[in-house]
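Below is one structure, written out as C-alpha cells; the observations come after it.
The values are calculated or read from the model by the stated rules, or taken from the named source; none is laboratory data. Model, not experiment: these values are computed from the prediction. Heads up, the Cβs are rebuilt from the backbone with ideal geometry, glycines too, and the neighbour counts pull from every protein chain shown. Ligands, DNA and RNA are stripped out before the accessible areas are found, and what is left, the full protein with its side chains, is counted by its heavy atoms. Shrake-Rupley method; radii C 1.70, N 1.55, O 1.52, S 1.80 Å.
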Amino acid sequence: MNNYGGLKVVRSTPRYFTCKCPFHNDSHASAMVYTDTMFFICFVCNIRRPLEQVLKDIDAEDFDVHREIPFEPDLVTETVRFIPPTPRAIAYMQSRGVDTDRLPDYITSVPEDTGVGFKFVDGRGKAIGAQLRIYPEHQGSFSRFVLVGERTPVFGPLREFLLGKYERVVLFEKAFGCLKAQQACDAHGLSVACVSSAGSAVQHGIAELFPFGTVAFYDNDKAGRRAGEKLKTLGFDVFISHIPVDEMPSDELAHTVQEALQWNHSCTVGT
C-alpha cells in the first residue's frame, strides 16, 4: 500500500498504517491511521480526525472509507470545554464504586453531560483534553470512550510525582481502575501516584516519562496482554491482573499495588 486516498503510506500492518501527514511539511511518516476505526492521528501537529474528514480536507474526492468498528464522528472533536462533575456523573461514579467525596481535580464533565471526563493537562497544569467515558445509554454499538482535545500520553498526578510529592508512580490501563487505585493508596497511606495511559494502546514516547522498572497494571484480555508485552520491552514491570483493577475492594487494591511495588519482575497477580 503506497497510497490511500491521497495519503502517502510508508508502512502498513493489520492494525494500522503510518503515513506522511498532509497538514505539515512531513519528511517522516508522522501520522497513523487505525484500520479498525479509520481514525487519523498526527503525532507532530496533533491533528486527530476521522479519516473521511482528513480526505475531505485534502480534497480527495470520491473515496469511500470502510471501518470495521463503527463510531460516531460527531463524538470526536478537537475542542472541548470542561465543567465540574455533574450530579449524573457523581451518580455514575458511585455506581462504579468510586468515593465521590475524594475526587481528584482531573475528574470533569462536559457540557453535553454524556460521560465522565478524565482530563489531560500539559506541563504547566493547563487542561488540554480528556478521555470521556461514555454513559451506557449513550454508547450504542460504537464506543465506550472517546478522546477529545489534544491527547497527551497520561492523566493523573504524574507531574506531582516528578516534583517529588509522591515516592512511586504506577501506570494503569483503565481510567476507573486508576482512579480507584489512587483513592485506595491515599486511604492506606501509600505515597503512590496512580496515572493512566487512557487505554491499552501504548502511546508514542510514553517510556520517556517514567523511571525504568515502573510498575504497570493491565487487564487479562487480548488488548491488555498485547500492550503489557510492549511495555515490558520498554522497561516496565508489568502485572496482568485476573481481576480487573476497578472491581477490587479498596483494601485488596492497596495491598496488590504495595505487593507489586515490592517485586522486581513481571508476573500475574489476582485470583
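Observations
- One decimal place: the segment residue 255-residue 137 gains 39.1 nm when fully extended, by the rule 0.36 nm per residue minus the C-alpha distance.
- Couplings 3J(HN,Hα) for segment 16-24, derived from phi with the Karplus relation 6.51 cos²θ - 1.76 cosθ + 1.60 (θ = phi - 60°), are 7, 9, 9, 8, 6, 6, x, 9, 8 Hz, where x marks Gly and Pro.
- Inter-label distance, nm, simple model (7 Å from Cα along the C-beta direction), residue 46/residue 10: 2.1 nm
- Solvent-accessible surface of protein heavy atoms, probed at 1.4 angstrom with all chains present, puts 66, 242 in the order 66, 242, largest first.
- Packing, taken as the mean count of other beta carbons within 10 Å per residue, orders the peptides 224-231, 160-167 from highest to lowest as 224-231, 160-167.
- Across 57, 251, the residue with the most accessible area heads the list, and the full order at a 1.4 Å probe is 251, 57.
- FRET E, pair residue 102, residue 36, Förster distance 41 Å, beta-carbon r, rounded to 0.05: 0.65
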